[in-house]
Amino acid sequence: MSNLSIPGRAWRQGRRYCPGAGRLLVLIWVGFLLFGCGLKGDPVPFKSKQPASIKDLTAGRVQEGVLLTWTVREGAQNLTGFRIRRGEIPPGCPTCPPKFTVVDEIKIKTRPAGKEERFTYLDKGAAPAEGYVWRVEGCRASGQCLEPSNTAGINKSEGTVR
């Protein structure tokens, strides 16, 4: 009878009860939220990375800056623009990987699959005394960009590096 007078008391007496277990579970849960695993980067739909749509990217100095030229592959479909990425070659370490940043995003008319097509872009923001590398990505209307092109670059003297 005494168990019926206090609700919940009989349940607690029937099994082990640990009042700190709830707090411990909450702390573990918060730890997973803060320090959870996962790849950090732009989200990409599962198994949807397409091959590079751009081939033969080249870079050359001109009076106004650096002229990038590339060809879009014949099979590339539904491209609506390009994302231009530039990376500075670290001084004193020409073999170190550069950190690429988006320089510009250009839009084009939707390009159906068909013949190869040639594009150019003038990068006026490249300092004449610095060495840079570029990559170009073809993008679709959904915002998904394809694999980046080959890397093309210039060094501090005049010529093409990569």
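When only residues in the range 60-78 that are at pLDDT 80 or above and hydrophobic (A, V, I, L, M, F, W, C) count, which is surrounded by the fewest Cβ atoms within 10 Å (Cβ to Cβ)? First the steps, then the outcome.
Quick first cut of the range 60-78, residues at pLDDT 80 or above only: 60-72.
Next, only the ones that are hydrophobic (A, V, I, L, M, F, W, C) stay: 62, 66-68, 70, 72.
Values: 62: 10, 66: 22, 67: 15, 68: 24, 70: 23, 72: 22.
So the residue we want is 62.
Would you please name the residue that is farthest from residue 58 (Cα to Cα), looking only at residues in the range 87-98 that are open to solvent by 50 Å² or more (accessible area, probe 1.4 Å) and in contact with a strand residue (DSSP E or B) (Cβ under 9 Å, 6 or more places away or on another chain)?
Applying the first criterion (open to solvent by 50 Å² or more (accessible area, probe 1.4 Å)) to the range 87-98 yields 88, 91-92, 94-95, 97.
Next cut, in contact with a strand residue (DSSP E or B) (Cβ under 9 Å, 6 or more places away or on another chain) only: 88, 97.
Working: 88: 16, 97: 18 Å.
That would be 97.
Which numbered condition in (1) at pLDDT below 80; (2) outside any loop (DSSP other than H, G, I, E, B) is the only one that residue 43 fails?
It fails just one condition, (2).
For residue 112, all conditions in the list (1) over 21 Å from residue 78 (Cβ atoms); (2) modelled with pLDDT under 90; (3) not aromatic (Phe, Trp, Tyr) hold save one; what is the number of the exception?
It fails just one condition, (1).
Just checking, how many residues over the range 55-104 are assigned to a strand (DSSP E or B) and in contact (Cβ under 8 Å) with a residue 40 or more places away in the chain?
Applying the first criterion (assigned to a strand (DSSP E or B)) to the range 55-104 yields 55-62, 65-72, 79-88, 100-104.
Going one step further and asking which of them are in contact (Cβ under 8 Å) with a residue 40 or more places away in the chain, we end up with 55-62, 65-72, 79-88.
Going through the range 55-104 one residue at a time, the tally reaches 26.
Quick one: which residue in 69, 80, 101 is hydroxyl-bearing (Ser, Thr, Tyr) and under 12 Å from residue 133 (Cβ atoms)?
On the way: 69 fails: under 12 Å from residue 133 (Cβ atoms); 80 fails: under 12 Å from residue 133 (Cβ atoms).
Exactly one residue qualifies, and that residue is 101.
The values are calculated or read from the model by the stated rules, or taken from the named source; none is laboratory data. These numbers were taken from a predicted model, which means no experiment stands behind them. Note that each Cβ is placed from the backbone with ideal geometry, even for glycine, and that neighbours are counted across all protein chains shown. Quick note on the areas: whole protein, heavy atoms, side chains included, nothing else; ligands and nucleic acids left out. Shrake-Rupley method; radii C 1.70, N 1.55, O 1.52, S 1.80 Å.
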